[in-house]
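The values are calculated or read from the model by the stated rules, or taken from the named source; none is laboratory data. Small disclaimer: the values here were computed from a predicted structure and weren't measured. Counting neighbours? That spans all protein chains shown, and the Cβs are built from the backbone with ideal geometry, glycine included.
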């Protein structure tokens, strides 16, 4: 998703959230809880307006197509035959 698309989508969703909070105010009245939710939504809108462009050189995380799935099947034991055990050293050497 492009930067502008993400911001526009978030603004659109915030607009819907503002309408939902207005419906809450109609249903619950001007209670402390409704005022706090309204304040939170307002703060989110302000933060989004102040967001600006992404930092130079920022790269979004990998897309699911870029990820490689590693199977849960056990590795072939022969692959570890001459490996040292961490903390124990090689199996054919002993501490003096």
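A few notes on this one:
- The set of residues from the stretch 41-53 being in a helix (DSSP H, G or I) and either in contact with a helix residue (DSSP H, G or I) (Cβ under 7 Å, 6 or more places away or on another chain) or surrounded by 12 or more Cβ atoms within 10 Å (Cβ to Cβ) (or both) comprises 41, 42, 44, 45, 48.
- Residue in the stretch 7-21 that is out of contact with any strand residue (DSSP E or B) (no Cβ under 7 Å at 6 or more places or on another chain), loosely packed, with under 13 Cβ neighbours inside 10 Å, modelled with pLDDT under 95 and at positive phi present: no
- From the options 56, 91, residue that is surrounded by 11 or more Cβ atoms within 10 Å (Cβ to Cβ), at negative phi and modelled with pLDDT under 85: 91
- Criterion: within 30 Å of residue 24 (Cβ to Cβ) and modelled with pLDDT of 75 or more - qualifying residue of 63, 81, 42: 42
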